[in-house]
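Structure, as structure tokens:
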Amino acid sequence: NTQNVLKNSPVPVLSVKQTDKSAPLKKIGIASDFQEESLESFNDILELIKRFGMEIEVVYINTPYNFMESNQIEQAMDAFLSQKTDVKEKRFVYNAKNEERGIGMYISSEKPDMLATITHQHSGLEKIFRPGVTENIINLFELPVLSINQKK
């Protein structure tokens, strides 16, 4: 059910697994590709979480298929955050074979209380046979995940 809602929801979705832990949400990681198409959704996430006063960490997963050099990643992060003078963030870059592994490394290392992702709509057969990164993260980890569909 959660995966269907994630794929089709025009509004942000917060997925929370039923656990016996209930800790305050103090730190959120925002995983992004920092591409221009994701900027509007990224800003939506920032506006939403600023209201809760959470510590913000932005995360880029550098994969072999979408490899960027360090200065390119810094420039992309700067472009997303330069207009946000009221946002104090920590920045993380993880090199990994794929996004799920990199996000897993980030979660294991930095232990955020929540993760935010920008989902990209798959089309055609890809939608049926290939689960998205956000769906895999929800299945693999216990932390709450806020996902927002990329604006078209």
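The values are calculated or read from the model by the stated rules, or taken from the named source; none is laboratory data. Keep in mind that what you see is a predicted model, and the values were worked out from it rather than measured. Backbone-built Cβ (ideal geometry, glycine too); neighbour counts: all protein chains shown.
Please find, within the range 109-132, the residue that is surrounded by the fewest Cβ atoms within 10 Å (Cβ to Cβ) out of those that are more than 17 Å from K17 (Cβ to Cβ) and at pLDDT 95 or above.
Taking the range 109-132 and keeping what is more than 17 Å from K17 (Cβ to Cβ), we get 109-110, 118-130, 132.
Add one more test, that the residue is at pLDDT 95 or above, and what stays is 109-110.
On the way: S109: 10, E110: 14.
Out of the qualifying residues, it is S109.
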When I138 is run through (1) modelled with pLDDT under 85; (2) under 15 Å from V13 (Cα atoms), the failure sits at (1)
